[in-house]
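The values are calculated or read from the model by the stated rules, or taken from the named source; none is laboratory data. As the structure is a computational prediction, the values presented were derived from the model and not from experiment. As a convention, Cβ positions derive from the backbone with ideal geometry for all residues, glycine included, and neighbour counts pool all protein chains shown. Side chains are part of the model used for accessible areas, which takes the heavy atoms of the whole protein and leaves out ligands, DNA and RNA. Shrake-Rupley method; radii C 1.70, N 1.55, O 1.52, S 1.80 Å.
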Amino acid sequence: MCFSPTSCPLAPTSVLPTTCCAAPTAMCRTLSTFPTTCLERAKEFKTRLGIFLHKSDLGSDNGNIYKFEWSNKHCKQSRNLSEDVLGWRESFDLLLSSKNGVAAFHAFLKTEFSEENLEFWLACEEFKKIRSATKLASRAHRIFEEFIRSEAPKEVNIDHETRELTRTNLQAATAKCFDVAQGKTRTLMEKDSYPRFLKSPAYQDLASQASATNASPSNCSLAEPLHT
C-alpha cells in the first residue's frame, strides 16, 4: 500500500487497498521518513473503518454521496475525522449530519438487515430539496413504491394508519407528504438501532482508536521533506 508523500498515513486516498506499482519508486521511499507509530496507527485505523465501509454504498439515486469520505491532505484533517467519529455517540442528530457517520451507520444496519429505514430517511431528505412540482410527484410515487406500500422491495416498519395517510398525501404531493412516515422511521432508528450501533464492538473499537489519535496528535506529524 502506498501513501502520497504529502498525505498523512491516517488519511488514505481510498478505502480499498491499492498497489503502488504505478507510483514512482521515490514516492514509496518517503514512507521511511514517517514515524513508525504513525504508519502502524494508519493501518489499524483503516482496518477498523473497513469494518463499516465494506460494501456500504447506499445504492440510491445519489450514487456515492454517502460513502465514507477520507481526508487526503493533512494529519490535522485526520484528527478532525477522529473528532467526527467520537461525535457520533453524542447524539443521533450528529450522526445523521455526518456523511461519514451515515456511511458507517448504514453499513451497521446492513448487518441487521434493516438498512431500508435509513435509506428511506435519506430519500425523504433528498425529496424535500426538489422544486419542480412534476418531479416532486414522480419521485413521491417512486419512494412510496419502494419503501411504503405493503410488500414493497424495501418496506419500512410503519403502522397501517401512517401508510394510508402517506398514500392519501400522494394525491397532492408536497415536500411534506412523507413527514409522518419519515419521523416514525427516524424515531425507530434512534431508539432501537442507534444504541446498538454505539455498543457494537466495531464502533467501540473505532472510537477507542479515534480517542487515541486525538490524545497523541504529535505521533502523526510528518517528517520534514528532504531537500537535494
The one condition in (1) over 25 Å from Ser97 (Cβ atoms); (2) at pLDDT 95 or above that Ala172 fails to fulfil:
(2)
Does any residue of region 159-172 turn out to be within 27 Å of the chain's Cα centre (by Cα) and among the aliphatic types (A, V, I, L, M)?
no
When you scan region 115-124, do you find a residue that is free of Cβ contacts under 8 Å to residues at least 12 places away in the same chain and among the polar types (S, T, N, Q), even just one?
no
How many residues of region 91-114 are in contact (Cβ under 8 Å) with a residue 24 or more places away in the chain and assigned to a loop (DSSP other than H, G, I, E, B)? The answer is 2
Among all residue pairs at least 6 apart or on different chains, which show Cβ distances below 6 Å where the first residue, located in region 153-181, is under 21 Å from Asp192 (Cα atoms) and assigned to a loop (DSSP other than H, G, I, E, B) and the second is modelled with pLDDT of 95 or more and among the hydroxyl-bearing types (Ser, Thr, Tyr)?
Val156/Thr185
Filtering region 102-127 down to residues that are farther than 14 Å from Leu188 by Cα and among the small types (Gly, Ala, Ser) yields Ala103, Ala104, Ala107, Ala123
So, in region 53-90, how many residues would count as being open to solvent by less than 40 Å² (accessible area, probe 1.4 Å), modelled with pLDDT of 90 or more and in a loop (DSSP other than H, G, I, E, B)?
1
Would you mind telling me which numbered condition in (1) under 23 Å from Asn100 (Cα atoms); (2) open to solvent by less than 20 Å² (accessible area, probe 1.4 Å) Ser208 fails?
(2)
Residue that is surrounded by the fewest Cβ atoms within 10 Å (Cβ to Cβ), among those in region 148-193 that are over 15 Å from Ala137 (Cα atoms) and hydroxyl-bearing (Ser, Thr, Tyr):
Ser150
Report the residue count in region 106-123 for those that are open to solvent by less than 10 Å² (accessible area, probe 1.4 Å) and aromatic (Phe, Trp, Tyr).
1
